[in-house]
Amino acid sequence: MALRLLTSRARVLCSLFHSLHSPCSLLRPCSFSLLTPLNANQPLPDLVNEISRILSDHRNPHHDLELSLTTYSSKISADLVEQVLKRCKNLGFPAHRFFLWAKRIPGFEHSAESYHILVDILGASKQFAILWDFLIEMRESRDCNISPQMFWLVFRAYSRANLPGDAIRSFDRMVEFGLKPTVNDLDQLLYVLCKRKHVKPAQQLFDRVKREFDPKAKTYSILVRGWGDIGELESAWKVFDEMREKQSTVDVLAYNCLLEALCEGRRVSEAYRMFKEMSSNGIEPDACSYSIFIRAYCEANDIRSAFRLLDEMRRCDLMPNVFTFNCIIKKLCKNDKVEEAYQLLNEVIERGGNPDTWSYNAILAYHCEHSEVNRATRLISRMVKDNCLPDRHSYNMLLKLLIRVGRFDRATEVWESMRERGFYPSVSTYSVMVHGLSKKKNKLEEACKYFEMMIDEGIPPYSSTVEMLRNRLMGLGLLDNIEILAGKMERSTSCSIQELANAMRGSKVHWRSRNEETESESD
C-alpha cells in the first residue's frame with residue numbers, strides 16, 4: 001500500500017475543497033498562504049479562508065498575529081472583516097486582536113455590524129472581561145453607538161454560560177452606557193434566562209422590577225413557558241392567573257404557553273379542555289394551538305388523533321408550521337408508513353409550505369435503515385430539486401449506507417457531487433468515510449486517503465478516529481504507514497493536528513477536539 005503515492009493524489013482531490021465555508025466551530029484549518037500564492041485578483045472567499053486560518057493558528061496570546069496579518073493590510077475592507085469575524089465565531093481572543101489590528105489601518109473604519117459580531121464572539125467565547133473592556137472603549141470613543149441589541153447578546157452569553165446572576169447585572173448596567181431599559185429589554189433577558197432553565201432567577205427579577213415597567217402579555221407568557229419547560233406547572237398557573245388579573249386581555253400566545261406546559265407535564269386532557277374553552281373566552285385558537293396537541297399526540301404514538309386535528313386545521317384554513325409537519329412525518333416513518341410520509345411532504349409543498357432538511361432527513365433515515373439505496377439517493381436529488389440542500393446529517397446517513405452495503409462507487413459519486421451542491425465536508429463527514437472504509441476488506445488504503453485529505457484541509461480529526469485508524473494499520477503490521485501519517489500531521493500548521501500526531505504513534509491523548517458524543521462519526 002503506497003501511502004506516499006496516495007499523498008500526491010490526496011492533494012489533487014483536496015484542491016476541490018479549498019473554498020471551505022464550513023463554520024469555524026467545525027474547522028481548525030491550516031494556513032492557505034502555504035498552499036496558494038496571494039495575488040491581487042484573489043476572490044473574497046479565498047481571502048476569508050486565508051485570514052481565518054491565520055487566526056485559528058494564532059490562538060496563543062504570545063503568537064505574533066499582527067505580523068502574520070501584515071501582508072493583508074492593503075486588502076482589508078469592512079465587508080472582509082465582517083466575513084472573517086462570522087467565520088471565526090469560536091475564536092474570541094484572536095478575533096478581538098484581528099478587529100483591533102484592522103482598526104489601526106489608516107483610513108479604515110469598521111461597520112456597525114462588525115461591532116455587533118465581535119460582541120457576540122466575545123460573549124460566546126466567555127471572554128467577559130475583554131467584552132466589558134470593549135463596551136467601555138466603545139462608550140468612550142463613540143466609534144459605534146451601543147445599542148440595546150448588543151446587551152441582548154450579553155444576556156444570551158451569560159445565560160448560556162450558566163451565569164444568570166451576571167446576565168441580570170448586565171441588565172442593571174445598561175444605564176451606565178446611556179441606555180434606559182425598556183420592557184423589550186426585559187423580555188429579551190427573561191426569554192434567554194428561561195430558555196436555559198434559569199426560571200427561578202428570571203421570576204425573581206420580574207418580581208423585583210415589574211412595577212418599574214408595564215409588562216405585557218408577552219412578558220408573562222415567557223415566564224409561563226419557562227415554568228412549564230422545567231415541569232413546575234403550579235408556578236406556571238400562578239403566573240397565568242396573575243396575568244389574567246393584571247391584563248385586560250390575555251392573548252392566544254399566553255394560552256398557547258400554558259397549553260404547551262400542560263402537555264409537556266402529561267396533562268393533555270386538562271389542556272384539551274382548556275383548548276376547547278378558548279373560543280368562549282374570546283380567544284380563537286391559531287395554528288400553534290393545534291400544533292401543540294398534534295405534537296403531543298405524536299409523542300404518545302396516537303397518529304389517529306394527530307391527523308384528526310390536522311383535518312380540523314385544514315377546515316379552519318390554518319397551516320401548521322414545518323416543525324409540526326416534521327413530527328408527523330417522523331412518527332409515520334417510525335411506524336413504517338413511509339408512503340404516507342411522502343404524501344404529507346407533498347401536501348406541505350402543494351399548500352405553499354417550505355419543508356426543511358429535517359422533513360427530508362426523517363424519510364431519508366427510514367430508507368437508510370432499510371438499506372434502500374436507490375430511494376435514498378433519489379431523495380437526495382429531490383432535495384436539491386426542491387431547493388432544500390442536503391446537510392451534514394443527510395450526507396452522513398447516505399454515505400454510511402453506501403459504504404455499509406458495499407456501493408463504494410456510489411459513495412465516491414456522492415462525495416464528488418457535494419461541493420457542486422455547496423456542501424463542504426466537516427470532521428464528521430470525513431469520519432464516516434474513514435471509519436466505514438476501514439472496516440471493509442481491502443479498503444484501508446481508501447480510508448487513509450480520506451484521512452490524508454482531512455489533514456490537508458486542516459481539519460483536526462476526532463481522537464477516536466486517529467486511534468481506530470492506527471489500530472487498523474498496526475493490526476496489519478503497517479508501522480511505516482503509521483509513521484508517514486504521523487509525520488504528515490506534525491507538518492500541519494494546525495496546532496490541534498500537530499498535537500494528535502503523538503496519538504497516531506500510540507501516545508494517549510487526554511482531550512478531544514470536539515464533543516464526539518454530540519457530533520459523532522455515525523451521524
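The values are calculated or read from the model by the stated rules, or taken from the named source; none is laboratory data. Owing to the predicted nature of the structure, the values given are computational and were not obtained by experimental measurement. Glycine gets a Cβ as well: all are built from the backbone with ideal geometry, and neighbour counts include every protein chain shown. Side chains are part of the model used for accessible areas, which takes the heavy atoms of the whole protein and leaves out ligands, DNA and RNA. Shrake-Rupley method; radii C 1.70, N 1.55, O 1.52, S 1.80 Å.
Can you tell me how many residues in segment 367-389 are crowded, with 20+ Cβ neighbours inside 10 Å and within 22 Å of the chain's Cα centre (by Cα)? If you could, list the steps in order and put the result at the bottom.
Start the filter on segment 367-389 by keeping residues that are crowded, with 20+ Cβ neighbours inside 10 Å, which leaves 367-368, 376, 379-380, 383.
Subset that is within 22 Å of the chain's Cα centre (by Cα): 380, 383.
Residues meeting the conditions: 2.
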Checking residue 116 against (1) touching a residue at least 60 places away in the same chain (Cβ under 8 Å); (2) under 21 Å from residue 181 (Cβ atoms), the condition it does not meet:
(1)
Answer residue from segment 112-124, given it is of a type outside the set (Val, Ile, Thr) and touching a Lys or Arg at 6+ places or on another chain (Cβ under 8 Å) and is most open to solvent (accessible area, probe 1.4 Å) among those
124
Which numbered condition trips up residue 301, out of (1) open to solvent by less than 70 Å² (accessible area, probe 1.4 Å); (2) part of a loop (DSSP other than H, G, I, E, B)?
(1)
Restricting segment 142-157 to residues that are open to solvent by 40 Å² or more (accessible area, probe 1.4 Å) and not in a helix (DSSP H, G or I), the residue that is nearest to residue 189 (Cα to Cα):
145
Residue ranges of helices (runs of 4 or more DSSP H) in segment 390-442 with at least 3 members of a type outside the set (Phe, Trp, Tyr) and buried (at least 23 other Cβ atoms within 10 Å of the Cβ):
392-404, 427-438
Among (1) in contact with a Leu (Cβ under 8 Å, 6 or more places away or on another chain); (2) open to solvent by 50 Å² or more (accessible area, probe 1.4 Å); (3) outside any helix (DSSP H, G or I), which single condition is residue 317 missing?
(1)
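This table checks each residue for (1) over 18 Å from residue 141 (Cα atoms); (2) in a loop (DSSP other than H, G, I, E, B); (3) not assigned by the TED database to the domain that holds residue 136.
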| site | (1), (2), (3) |
| --- | --- |
| 59 | yes, yes, no |
| 62 | yes, yes, no |
| 72 | yes, no, no |
| 90 | yes, yes, no |
| 94 | yes, no, no |
| 109 | no, yes, no |
| 120 | yes, no, no |
For segment 247-267, check the following and say yes or no: at least one residue is modelled with pLDDT under 90, exposed (fewer than 13 other Cβ atoms within 10 Å of the Cβ) and more than 30 Å from the chain's Cα centre (by Cα).
yes
Can you name every residue in segment 384-405 that is at pLDDT 95 or above and of a type outside the set (Lys, Arg)?
393, 394, 395, 396, 397, 398, 399, 401, 402, 403, 405
For residue 290, all conditions in the list (1) out of contact with any helix residue (DSSP H, G or I) (no Cβ under 6 Å at 6 or more places or on another chain); (2) closer than 27 Å to residue 348 by Cβ; (3) open to solvent by less than 60 Å² (accessible area, probe 1.4 Å); (4) not aliphatic (A, V, I, L, M) hold save one; what is the number of the exception?
(1)
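Please work out if residue 357 is in contact (Cβ under 8 Å) with a residue 12 or more places away in the chain, in contact with a helix residue (DSSP H, G or I) (Cβ under 8 Å, 6 or more places away or on another chain) and farther than 21 Å from residue 288 by Cβ. Steps first, please.
Numbers: in contact (Cβ under 8 Å) with a residue 12 or more places away in the chain: yes; in contact with a helix residue (DSSP H, G or I) (Cβ under 8 Å, 6 or more places away or on another chain): yes; farther than 21 Å from residue 288 by Cβ: yes.
So residue 357 fits the description; yes.
I'm trying to understand the selection: among the residues of segment 197-230, which are in a helix (DSSP H, G or I), open to solvent by 60 Å² or more (accessible area, probe 1.4 Å) and without any contact (Cβ under 8 Å) to a residue 24 or more places away in the chain? Give the steps one after another, and end with the answer.
Within segment 197-230, the subset in a helix (DSSP H, G or I) is 199-209, 217-229.
Within this subset, residues satisfying the condition of being open to solvent by 60 Å² or more (accessible area, probe 1.4 Å) are 200, 204, 207-208, 218, 225.
Passing the criteria: 200, 204, 207, 208.
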Residue match in segment 132-142 (condition: more than 30 Å from residue 235 (Cβ to Cβ), in contact (Cβ under 8 Å) with a residue 24 or more places away in the chain and not basic (Lys, Arg)):
yes
Which one of 331, 337 is closer than 30 Å to residue 275 by Cα, crowded, with 20+ Cβ neighbours inside 10 Å and of a type in the set (Lys, Arg)?
331
Quick check on residue 85: is it closer than 26 Å to residue 499 by Cα, modelled with pLDDT under 50 and buried (at least 16 other Cβ atoms within 10 Å of the Cβ)?
no
Tell me which residues, restricted to segment 231-269, are touching a Lys or Arg at 6+ places or on another chain (Cβ under 9 Å), assigned to a helix (DSSP H, G or I) and aliphatic (A, V, I, L, M).
233, 236, 253, 254, 258, 261
Considering (1) outside any helix (DSSP H, G or I); (2) open to solvent by 30 Å² or more (accessible area, probe 1.4 Å); (3) in contact with a helix residue (DSSP H, G or I) (Cβ under 7 Å, 6 or more places away or on another chain), say which one residue 283 fails and leave the rest.
(2)
Any idea how many residues of segment 361-397 are within 23 Å of residue 327 (Cβ to Cβ) and in contact (Cβ under 8 Å) with a residue 12 or more places away in the chain?
23
Test residue 450 against the criterion of being within 30 Å of residue 385 (Cβ to Cβ) and either of a type in the set (D, E, K, R) or open to solvent by 10 Å² or more (accessible area, probe 1.4 Å) (or both), and give yes or no.
no
When you go through 160, 169, 139 one by one, which is the residue that is more than 30 Å from residue 254 (Cβ to Cβ) and open to solvent by 60 Å² or more (accessible area, probe 1.4 Å)?
139
